[in-house]
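Here the structure is laid out as structure tokens; the discussion comes afterwards.
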Amino acid sequence: MPRPTTKPDLTKAANEQFDKMWQHINSMTDDEQNAAFNFGEDIKQKEAHWKRDKNMRDVLVHLYEWHQLLLNWITANQNGEAKPFLLAPYNWKTYGDMNVMFWEKHQYTTYNDSKVMLLDSHKKVMSLLESFSNEELFQSKHFSWTGTTTLGSYCVSVTASHYDWAIKKIKAHKKSYKE
């Protein structure tokens, strides 16, 4: 699927990937949904998240926390509070550490709570996106606080692209669980 470059494409991709992710989750038994991840020692994926996330809850709260980043960033900047996208003291070179902080923060969040939190935050993100025009989302430098990246690009990354990341992880979990 090509990366969305218009508001209708963004909305469609975000909702379709979100629904697809839930279809994968809902196709699993309760045991599969609650089982610890076991991707093996010889995991081909080198990204840190393959070792960081231990279960479905970890994936869902990760998505939730990135929704919060987007929602808080947009709201603050719309209200005149200059705020970077990532939480201080993190930057794009150290955001992996921020993801670990999110993981640690939610070790006592239940799986059921993570599902409710993510469903709610997705609705809030999609509602906020609806309030922007196509130009506001995808015109370069429309907002000074987005720098050289469009607001829509941030939104794609936090929604459709992140849901695709989660789907890959869920599929890997389903496959390893059955083995």
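Meeting the requirement of 2 or more residues that are modelled with pLDDT of 95 or more and within 24 Å of F39 (Cβ to Cβ), the helices (runs of 4 or more DSSP H) wholly within the stretch 103-179 are 111-130, 160-178.
Within the stretch 66-98, work out how many residues are farther than 22 Å from L137 by Cβ and buried (at least 18 other Cβ atoms within 10 Å of the Cβ).
Residues that pass the stated criteria total 1.
Would you check which residues across the stretch 34-55 are exposed (fewer than 15 other Cβ atoms within 10 Å of the Cβ), modelled with pLDDT of 85 or more and either assigned to a loop (DSSP other than H, G, I, E, B) or among the aliphatic types (A, V, I, L, M) (or both) and list them? Correct list: A36, K54. Within the option set D30, D53, D113, being acidic (D, E) and in contact (Cβ under 8 Å) with a residue 60 or more places away in the chain holds for one residue only, D53.
Applying the selection to the stretch 152-179, what residues are hydrophobic (A, V, I, L, M, F, W, C) and either open to solvent by 40 Å² or more (accessible area, probe 1.4 Å) or over 30 Å from M56 (Cβ atoms) (or both)? Answer for the stretch 152-179, where residues must be hydrophobic (A, V, I, L, M, F, W, C) and either open to solvent by 40 Å² or more (accessible area, probe 1.4 Å) or over 30 Å from M56 (Cβ atoms) (or both): just W165. Within the stretch 111-126, the set of residues being open to solvent by less than 80 Å² (accessible area, probe 1.4 Å) and among the polar types (S, T, N, Q) comprises S114, S121.
The values are calculated or read from the model by the stated rules, or taken from the named source; none is laboratory data. Because the structure is a prediction, the values reported are computed rather than measured. Heads up, the Cβs are rebuilt from the backbone with ideal geometry, glycines too, and the neighbour counts pull from every protein chain shown. Please note that ligands, DNA and RNA were not included when accessible areas were found on the heavy atoms of the full protein model with its side chains. Shrake-Rupley method; radii C 1.70, N 1.55, O 1.52, S 1.80 Å.
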